[in-house]
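The values are calculated or read from the model by the stated rules, or taken from the named source; none is laboratory data. Predicted model, so just to flag it, every value in this text is computed and none were measured. Ideal geometry is used to build each Cβ from the backbone, glycine not excepted, and the neighbour counts take in all protein chains shown. The protein model used for the area step is the full one, side chains on, heavy atoms only, and it has no ligands, DNA or RNA in it. Shrake-Rupley method; radii C 1.70, N 1.55, O 1.52, S 1.80 Å.
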Amino acid sequence: MVFIIPAVFIAVFGFAIYKKVKIYDEFSKGVGEALQFTLSLIPCLAAIFMMCEVFEASGLSDALTNLLSPVFGFLGIPPELTKLVLIKPFSGSGSIAYLNEIISSYGADSYITRCACVCFGSSETVFYISAVYFAKTKSKKLIVPIAAVLIGTFISTVAACLLCRIM
Amino acid sequence: MNAIFTAVFLLSVIVMTAIAPDKLLSTLLGGGEKAAATALTLFCIYAVWMGLSRLAEKSGFSRVAARGLKPLSRRLFKTDNDAALENIAMNLSCNLLGIGGAATPYAVKAIGELEKDNNDFAQKLLFVINATSVQLIPSTVIALRTSAGSGAAFDIFLPSLICTFISTAVAVLIFVGARKLNRKKRAGK
């Protein structure tokens, strides 16, 4: 598994040499594209991050956590995971910090940790991805796709808590 | 997106005005700072992968590599735009291999291509698939557990695989279903 990334590099470089591509020139041009791409992301990224920060700082995210914990518990999601489940769609760095906290306080092989890992591994930072993907498109009507993703993620979270109990 | 942003932002600001009005500006600046830091991290990731993916594109490597997933993508995404299909196929393969950093630039390129055809359906479907995560091996969490001293870091592999499948399948079904319903409604009027 650790060999996947090196193997991809060797294969692409090897093929490029075989096809006589000017490797340094093209690689640098690719990096140039990355620079432009990153710059084009910054406006949406900054707006989304400000929203997330103020949502967290206002205590609304904690209030939502407390409000939803019993509902989640009813569906088999342990209360320790409520915050992780709620943060993940908004913030990758925030949720990984929270996941680390769960791992260190409950131990690497506990039910809570395994559950948290499965939830984390099978979901994505939805709002961030939507900002990146649709930064340059005209249509920004994303309610239906975002709702579909959030529902799908939530159902898989319920499944994760169930599967970790029996597997 | 405009509605969600306005609602969450405004509501949070109102609550903050009530509990800690002096903290509002510093919180917002903190968000901007985080965005700048994230952009720098992202640039490093994309610099590596977009450099490599340009090599793959120029040498024809991606055309060959994408061949396997292209017919399936053509049917799923209902498009005949070759450049878009190639980028979609590469995006899906990178996701399956667990190289998320490489997958995102391909998705954005594909969405740019689809924009030319006004193919709203394919753009959003690609988003739904990517945003529900389609990786085969959850390498990040396995690494985290291993470093925390787990005795069996791989035991979450199977549940993760099942869950990642469930989330993508459910989200795609809802998305496609909602679209069909919408179209019927419009046709009815």
ask   = Which of the lysines could be linked to B:K78 by a straight reach, that is with a Cα gap under 16 Å, when you skip same-chain ones fewer than 8 residues away?
value = B:K70, B:K116, B:K124, B:K180
query = What full-extension length gain, to one decimal in nm, is calculated for B:L25 and B:V176 as 0.36 nm per residue of separation minus the Cα-Cα distance?
reply = 50.2 nm
request  = Determine the share of segment B:58-189's accessible area contributed by carbon and sulfur atoms, expressed in whole percent, with a 1.4 angstrom probe.
outcome  = 62
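Determine the calculated [θ] at 222 nm for chain A from helices alone, applying -39500 (n - 2.57) to every DSSP H run no shorter than 4 residues and normalising by the residue count; nearest 500 deg cm²/dmol.
Theoretical 222 nm ellipticity from helices: -25500 deg cm²/dmol.
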key: Local electrostatic count at A:G73 - Lys and Arg +1, Asp and Glu -1, tallied over other residues with Cβ under 15 Å   = +1
query = In Å² (nearest 100), what accessible area is buried between B and A, both sides summed, heavy protein atoms only, 1.4 Å probe?
reply = 7400
query = When chain A is treated as a GNM, springs tying every alpha-carbon pair under 10 Å, which of A:L35, A:L84, A:L60 comes out with the largest mean-square fluctuation?
reply = A:L35
ask   = Taking K and R as +1 and D and E as -1, what net charge do the other residues with C-beta under 14 Å from the C-beta of B:A20 add up to?
value = -3
inquiry  = If I fit a long axis through the Cα atoms of helix A:4-18 and take the longest principal axis of the Cα atoms of chain A, what angle between them do I get, 0 to 90°, rounded to 10?
reply    = 20
request  = Under a 10 Å cutoff between Cα atoms, tell me which one of A:K136, A:K19, A:K29 has the largest fluctuation in the Gaussian network model of chain A.
outcome  = A:K19
inquiry  = So with the 1.4 Å probe, I'd like the accessible area per residue for the protein assembly as shown, rounded to whole Å².
reply    = 48
query = Counting alpha carbon pairs within less than 8 Å and at least 6 residues apart, what relative contact order, in whole percent, applies to segment B:119-189?
reply = 43
remark   = The alpha-carbon pair-distance distribution computed for the protein assembly as shown, with 10 angstrom bins and whole-percent values, is 5, 23, 32, 27, 11, 2, 0
message = Treating only the Cβ of Lys, Arg, Asp and Glu as charged (+1, +1, -1, -1), what charge dipole size does the protein assembly as shown show about its Cα centre? Round to the nearest 20 debye.
response = 1540
remark   = Between the alpha carbon centres of segment A:40-112 and segment B:1-42 the gap in Å comes to 16
request  = State which helices in chain B qualify, where a helix is a whole DSSP H run, it must extend 15 Å or more along its own axis by its Cα atoms, and its mean Kyte-Doolittle hydropathy must be at least 0.5.
outcome  = B:2-19, B:24-59, B:82-97, B:120-131, B:157-188
Rotationally averaged projected area of segment A:1-133 (alpha carbon convex hull; nm²) = 11.1
task = Would you work out which of B:A143, B:A37, B:P71 lies farthest towards the positive end of the dipole of chain B? Charges go on Cβ: Lys and Arg +1, Asp and Glu -1.
result = B:P71
request  = Can you tell me the dipole magnitude for chain A around its Cα centre, using point charges on the Cβ only (Lys, Arg +1; Asp, Glu -1), in Debye to the nearest 20?
outcome  = 700
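How much net charge surrounds A:F27 when only the other residues with a Cβ under 12 Å from the Cβ of A:F27 are counted, with Lys and Arg +1 and Asp and Glu -1?
0
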key: Reachable lysines from A:K19, criterion Cα separation under 18 angstrom, eight or more residues apart if same chain   = A:K29, B:K58
request  = Count, for each residue of B:137-148, the Cβ atoms from other chains sitting within 10 Å of its Cβ, then give me the mean as a whole number.
outcome  = 5
ask   = Taking a spot 7 Å from the Cα of B:T41 along the direction of its beta carbon, which residues of segment A:77-117 have an amide N less than 15 Å from it?
value = A:88-101
request  = Pick out which of A:V54, A:V85, A:V21 has the largest mean-square fluctuation in a Gaussian network model of chain A, springs linking Cα atoms closer than 10 Å.
outcome  = A:V21
task = List the relative contact order of segment A:30-142 as a percent without decimals, with contacts defined as Cα pairs under 8 Å and 6+ residues apart.
result = 30
inquiry  = When only alpha-carbon atoms are used, what values of Rg and Dmax, in angstrom, describe chain B?
reply    = 20.5, 61
Cα-based reach from B:K34 at 13 Å (exclusive), listing aspartates and glutamates while leaving out same-chain residues under 8 positions away = A:E53
